[in-house]
1. Reachable aspartates and glutamates from Lys111, Cα under 13 Å, same-chain residues fewer than 8 places away excluded?
2. Shape call for segment 137-199 from the C-alpha gyration tensor, a ≥ b ≥ c root eigenvalues: rounded (a/c under 1.5), prolate (a/b greater than b/c) or oblate?
3. With the crude spin-label approximation of a point 7 Å out along Cα→Cβ, what separation in nm comes out for Ala93 versus Ser63?
4. For the charge dipole of segment 1-113, defined by +1 on Lys and Arg C-beta atoms and -1 on Asp and Glu C-beta atoms about the Cα centroid, which residue among Val61, Pro12, Thr103 has the Cα displaced farthest towards the positive pole?
5. Using 7 Å Cα-to-Cβ label points, what is the Thr222/Arg126 separation (nm, one decimal)?
6. Give the separation of the Cα centroids, segment 61-106 to segment 226-241, in Å.
7. What does the charge count around Ser63 come to, taking other residues whose C-beta lies under 9 Å from its C-beta (Lys +1, Arg +1, Asp -1, Glu -1)?
8. How far apart, in nm, are the 7 Å Cα→Cβ label points at Val83 and Gln241?
Amino acid sequence: MKYCRFQTSSGPQYGEISERDGALWIERILPPFPEDPWTVLSTASFAPIALKSAKLLAPVVPSKIVCIGRNYREHAAELGNEVPKEPLLFLKAPSSVIAPGETVRIPPQSKRVDFEGELAVVIGKRASRLGPQEDVQPYIRGYTIVNDVTARDLQKSDGQWSRAKGFDTFCPMGPIVTDEVDPAAGLTVETRLNGESKQHGTTLDLIFDIPTLLRHITAAMTLLPGDVIPTGTPAGVGPMQSGDQVEVGVQGIGLLANPVGDQD
């Protein structure tokens, strides 16, 4: 299934997506997911609309965003870091989430803000202490795209990453969630800045695969429905400036596009 979250006259709603003649359409309204108690299922009649015509919202309302650092060898190397011996976890503030098309805001505290395009896992049911032989697939609702925007200078100066990763607008997410892709088969991850390709990788190059990540995370913390796990970024990260346009594409999921501006 593919789904999105979008704005309607009845408020935010979830919509099931299908393909017609090479285009994606929102075919029907879905009941809200358990992590989103604020959305009320619309009882109004709904006529299918093209996805490109909808006012998209971030497709997930996560209780937490558990990110993976340095999960591509070349990215670790470009920042002068060694490859971690086990998954390197950090948290990104849920308040940093924005929708496709919303503006990434450069805060005055930072002189360098970077893009980091990533495939992200969306959790579908409660997961705790997953065993070494346990199948992780039943815990995965699907996959989406995240731009793990980072104040690179603050990441270095602070000595930990909470502020550098957690500013408002620093987690663009979307445009959809789908369970119709297979990262283990290899999905292309590409980031373009003002139309120029900057990052180009494949999920075949993940140091720690998704089952390993889920087992490692759930050994420490319980994952809940709607939690999001960005799986790491390929080499090629770089700075963004006000006036730029950044686009992250993941094969089979779509394109997450956001303008960049200064903080109001």
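The values are calculated or read from the model by the stated rules, or taken from the named source; none is laboratory data. Keep in mind that this is a model prediction, so the values were computed, not measured. Don't worry about glycine lacking a Cβ; one is built from the backbone with ideal geometry, like all the others, and counts go over all protein chains shown. With ligands, DNA and RNA removed, areas are computed over all heavy atoms of the protein, side chains included. Shrake-Rupley method; radii C 1.70, N 1.55, O 1.52, S 1.80 Å.
1. Asp153, Asp262
2. Because a/c hits 1.5 or more and a/b exceeds b/c, segment 137-199 counts as prolate.
3. Here the modelled spin labels are 2.1 nm apart.
4. Checking the options against the dipole of segment 1-113, the answer is Thr103.
5. A separation of 0.5 nm, rounded to one decimal place.
6. 5 Å
7. Values: positive: Lys64; negative: Glu35, Asp227.
Value of the local net charge: -1.
8. So the label points at Val83 and Gln241 sit 3.6 nm apart.
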